[in-house]
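Structure record follows, encoded as structure tokens.
What follows draws every value from the coordinates through simple rules; no lab data is involved. As the structure is a computational prediction, the values presented were derived from the model and not from experiment. Virtual Cβ from ideal backbone geometry, glycine too; neighbours counted across all protein chains shown.
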Amino acid sequence: MAKAFFIMRLNDHIQYLKKIDAALNGLSDFQGTSHHDCKLGKWLYGEGATEVAMMKNHQAKEVFDSLFEPHEHFHTIGKDALSKKQAGDIEGAKAALTALYTLSSTLTKKLLDLDKME
């Protein structure tokens, strides 16, 4: 597995967050996707488990498995933020965006942890 592999997954996540942020700031009409349909989700629910299973570090599977819940929650909050913005609840959308950044930090840390493992 290429050393930058998990950094690519991290970049997929960051690009998605930027799309949500742009939509909340009126710069795009991005509607969000399900947690299965973004690039990170396609990897998590696709070849991710096989790729992580090939790693030598036995903690990798544990870290990989711990990505699912915060990733799904991230998408739920993202959709909520977009809905609140569309409904005119700017404060609610801002609060949801703050929660998104908090979850993003969690996901980022886990992907960086995986990147450090072999």
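Can you name the residue in the stretch 24-63 that is over 30 Å from residue 90 (Cβ atoms) and of a type in the set (Ser, Thr, Tyr) and, of all such residues, is surrounded by the most Cβ atoms within 10 Å (Cβ to Cβ)?
By that ranking, first place goes to 45.
How about the stretch 22-39: which of its residues are under 17 Å from residue 71 (Cα atoms) and free of Cβ contacts under 8 Å to residues at least 40 places away in the same chain?
36, 37, 38, 39
Which ones in the stretch 52-76 are over 18 Å from the mean Cα position of the chain (by Cα) and of a type outside the set (Lys, Arg)?
Across the stretch 52-76, the qualifying residues are 53, 54, 55, 57, 58, 59.
Select from the stretch 95-118 the residues that are more than 10 Å from the chain's Cα centre (by Cα) and free of Cβ contacts under 8 Å to residues at least 12 places away in the same chain and write down the one among them that is surrounded by the most Cβ atoms within 10 Å (Cβ to Cβ).
This residue is 95.
Can you tell me which residues in the stretch 35-83 are of a type in the set (D, E, K, R) and closer than 21 Å to residue 96 by Cβ?
So in the stretch 35-83, the residues of a type in the set (D, E, K, R) come out as 37, 39, 42, 47, 51, 56, 61-62, 65, 69, 72, 79-80.
Once the filter is applied, which keeps residues that are of a type in the set (D, E, K, R) and closer than 21 Å to residue 96 by Cβ, the stretch 35-83 yields 37, 69, 72, 79, 80.
So which residues in the stretch 31-58 are in contact with a helix residue (DSSP H, G or I) (Cβ under 6 Å, 6 or more places away or on another chain) and among the charged types (D, E, K, R), if there are any at all?
39
Looking at 19, 85, which is the one that is buried (at least 16 other Cβ atoms within 10 Å of the Cβ), in contact (Cβ under 8 Å) with a residue 40 or more places away in the chain and among the basic types (Lys, Arg)?
85
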